Every structure is written in C-alpha cells, then in structure tokens.
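**Student:** Sharing a structure, written as structure tokens. Questions coming.
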Amino acid sequence: MTYPLRGAPSSGAHDLAAPAHHGGRGRHRLRRHRKGAWHRRVLAYLEVQLVHPPVRGAGDTQHLLLVHVRKVVGHVDFRLCASCAEGVITDVLIEEQFHRSGLGTRALSHLRARYPGVVWRTTLDRRVTRDLMRRMRVPKQDGGTRCSHANG
C-alpha cells in the first residue's frame, strides 16, 4: 500500500523522479556567479600583481601599477619625502571592472607595508577615492601635493 505525500495530488500516481521546474537551473544556484563580487575579489587578490616601475628622480611622482595578465588595470601615484617621513597619494585609478573588489585597499596596504614609518596623506577629493581614503584612514592634506615642510 502506498500513502500519498502531503500536498500531492490524490490520484495515486506520484512522480518523485521529476524535478521541480526552475528555469533549467537549480533552485539555489547563484546567478552570474563567475562575474559576481566574490569572483572579482578573488581575481584582485590572486591574479593582479603590484609592480613598482623604476624611479626616475628624487621628488618625482612614483607609481604603483596594478597589472592583470600583462595589462595595467590601475595605478596609484604618490610622492615620498625622506626628510619628514611623509607620503602623499596624488592619484588612484582602477578600471571599473575591478571596482568594489578590494584592489584599492590592497594597493594602499602594500604601500604601507613597503614604506613602514611613513605617514600617508592624500590630495584626492573624488567620491570613489574619498571613500577609499576614509576606510584606510588616510587624512586629506590641505594645500598642494608637496609635504608639509615644503609648504612653509
């Protein structure tokens, strides 16, 4: 004797092998998983390299390049002053496909680790970079792109 399942039709014919129809995908499958936020974050941490090109001269703007498969996908421009141990971030640019991937945070953390003891400031006031600098606790510098002792 077979008993009908709760909520099943009482016709007696139970087709348990037939899957529920959800548009050809599993019920809890993540949509566009390969291009989602998690994939961008993994890409930013595993496949993007942080490269320091050679410095041309003292006091010049230095660059940190963000390279993904031989293509520059962003850069951080900064100046360092050895006499006052101050660094000024003058520009941060990251391609849109890597926004909200943690790549900006990784780049600034890399600079802090590479130059310990340097106090970082910024001159940027764009919305995207302002939020990044606030999260990383980099204060805005009043004035130009030079360090504080050169402004006096």
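**Student:** Looking only at residues that are at pLDDT below 80 and of a type in the set (Val, Ile, Thr) in region 125-144, which one is least open to solvent (accessible area, probe 1.4 Å)?
**Tutor:** So the residue we want is 129.
**Student:** Could you list, ordered by first residue, the pairs with Cβ atoms under 8 Å in which the first is in region 39-56 and more than 16 Å from residue 110 (Cβ to Cβ) and the second is open to solvent by 40 Å² or more (accessible area, probe 1.4 Å), at least 6 apart or interchain?
**Tutor:** Every condition considered, the pairs that remain are 39/33; 40/97; 40/100.
**Student:** Answer yes or no as to whether residue 61 is touching a Lys or Arg at 6+ places or on another chain (Cβ under 6 Å) and surrounded by fewer than 16 Cβ atoms within 10 Å (Cβ to Cβ).
**Tutor:** For residue 61, the condition - touching a Lys or Arg at 6+ places or on another chain (Cβ under 6 Å) and surrounded by fewer than 16 Cβ atoms within 10 Å (Cβ to Cβ) - is met.
**Student:** Any residue in region 77-98 that is closer than 25 Å to residue 42 by Cα and surrounded by 18 or more Cβ atoms within 10 Å (Cβ to Cβ) sitting within a Cβ distance under 9 Å of a residue that is at pLDDT below 90 and among the basic types (Lys, Arg)? List the pairs, counting only those 6 or more apart or interchain.
**Tutor:** Pairs found: 92/126; 98/40.
**Student:** Scan region 103-115 and report the pairs whose first residue is under 14 Å from residue 129 (Cα atoms) and whose second residue is open to solvent by 50 Å² or more (accessible area, probe 1.4 Å) and at pLDDT 95 or above, with Cβ atoms within less than 7 Å and a gap of 6+ or a chain change.
**Tutor:** Listed pairs, sorted by first residue: none to list.
The values are calculated or read from the model by the stated rules, or taken from the named source; none is laboratory data. This structure is a prediction, so every number in the text was calculated from the model and none was measured. Every residue, glycine among them, receives a Cβ derived from its backbone with ideal geometry; neighbour counts consider all protein chains shown. Just the protein is used for accessible areas: all its heavy atoms, side chains included, with ligands, DNA and RNA removed. Shrake-Rupley method; radii C 1.70, N 1.55, O 1.52, S 1.80 Å.
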